[in-house]
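*Asks:* Once you've had a glance at the structure underneath, I'll fire off some questions.
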Ligand SMILES: [Zn+2]
């Protein structure tokens, strides 16, 4: 009797859930430019200790990688923000 071989396809999600603290979970995406995590500007601001104003400025000047989608809003790349001066 032959064994049946099955192919199982796995779908890899490009987003994951991280826990910043015990009370708050959030969904993050991955930057298509550098592969770093992307967060909403206010969450990114907390993580990299920049003000939201500094983050928006970095987006406008092109220093920060970002993605904007109508359904989820703006996400900014943490990796690119590490090079932004405070
Ligand atoms: Zn990036």
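*Asks:* So what's the range 34-86 giving for Cα Rg divided by 2.2 N^0.38 Å, two decimals?
*Replies:* 0.98
*Asks:* Sticking with this one: Multiply the residue gap between residue 72 and residue 51 by 0.36 nm, knock off their C-alpha separation, and tell me the result in nm, one decimal place.
*Replies:* Extra length available between residue 72 and residue 51 comes to 5.5 nm.
We did not get these values from a lab; they are worked out from the coordinates using the rules stated. Just so you know, these numbers come straight off a predicted model, no measurement behind them.
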